[in-house]
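J.: Before we start, here is the structure in question, set down as structure tokens.
None of the figures in this text is laboratory data; all of them are computed from the coordinates on show. Predicted model, so just to flag it, every value in this text is computed and none were measured. Because the Cβ atoms are built from the backbone with ideal geometry, glycine has one as well, and the counts that use them run over all protein chains shown.
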Amino acid sequence: DRMAADARLRRVIEAVCICLTGAEAVLTDMDQRVGDGDLGISMARAAQGIRDEIDEWPAETDPAAVLRAMSATIRRVVGGTSGPLYAILLMRAAATLDAAKENGVRAWSAAFSAAVEGVSELGGARPGDRTMIDALHPAAQALQAALDGGKNQEAALAAAVEAAVQGAAQTASMKPRRGRSSYLGDRALGFADPGAHAVALWLAAVRDALAT
Ligand code: ADP
Ligand code: MG
Ligand code: MG
């Protein structure tokens, strides 16, 4: 029902915020190796901004409106490349949810796929370019494939997280073609992409929050 769905979305958002706040040090460290070191701060600022504002969001009964509010907050408080990319991710997810007119796991899976496509369009990154896309794209694919194969929500989310974790790990052997890491060239090899790792972390938080 509607009330339960709203409480669940809120629980997921709060879990993601806790996860990103807790990941500040590791993301800072990773981005210092292959970028400029601000990703930890950016993700923690996003989490804090959302926590500060979540109680004021007016249309909390509408999940798409909640995603749009998150998008606006992130666009405002996050500098760097991640800000606009996460802002468009959430906007695209919201637009797809609106069009779906339902709020089940299949609608969310379609929204996730469209969101990843939005990030690709804005940032120009494809799988293999060593960006957050290398976690997002396989995760969206795995989620959809699991649902198409008849898996339940819990199993499908587990598959998505596994794909994101693997995709993030694989970035360590990818040559950077986008963003600041591209200036490093082969010197980035051996270190995973911080943005892809962040995706694997928050997606695991989503899975855990929905399992409880
Ligand atoms: P920066 O400090 O370089 O502006 P952030 O630290 O906010 O950017 O984010 C860095 C992460 O953003 C990278 O680890 C990568 O995953 C992701 N990224 C960078 N460029 C792109 C792009 N063009 N498309 C998708 N993701 C990107
Ligand atoms: Mg950075
Ligand atoms: Mg920066």
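J.: Students often check this: by mean Cβ neighbours within 10 Å, which of 194-201, 50-57, 173-180, 157-164 ranks highest, and how do the rest follow?
T.: Per-residue mean Cβ counts within 10 Å order the peptides as 194-201, 157-164, 173-180, 50-57.
J.: When the convex hull of the C-alpha atoms of the range 109-177 is computed, what volume per residue in Å³ does it have?
T.: Enclosed volume per residue, from the Cα hull, is 64 Å³.
J.: If you don't mind, there's one more thing I want to ask. Between Asp208 and Asp186, what is 0.36 nm times their sequence separation minus the Cα-Cα distance? Round to one decimal in nm.
T.: 4.4 nm
J.: Find the relative contact order for the chain and round it to a whole percent, using C-alpha pairs within less than 8 Å whose residues are 6+ positions apart.
T.: 22 percent
J.: Using the per-residue mean of other Cβ atoms lying within 10 Å as a proxy for protection, in what order, highest first, do the peptides 8-15, 41-48 fall?
T.: 41-48, 8-15
J.: Here's a follow-up. For the range 7-155, what is one quarter of the convex hull surface built on the Cα atoms, given in nm²?
T.: Approximately 9.0 nm², given one-decimal rounding.
J.: I would also like to ask the following. As a test of the formula, what do you get for the chain when each DSSP H run with n ≥ 4 contributes -39,500 (n - 2.57) and the sum is divided by the residue count, at 222 nm and rounded to the nearest 500 deg cm²/dmol?
T.: -24000 deg cm²/dmol
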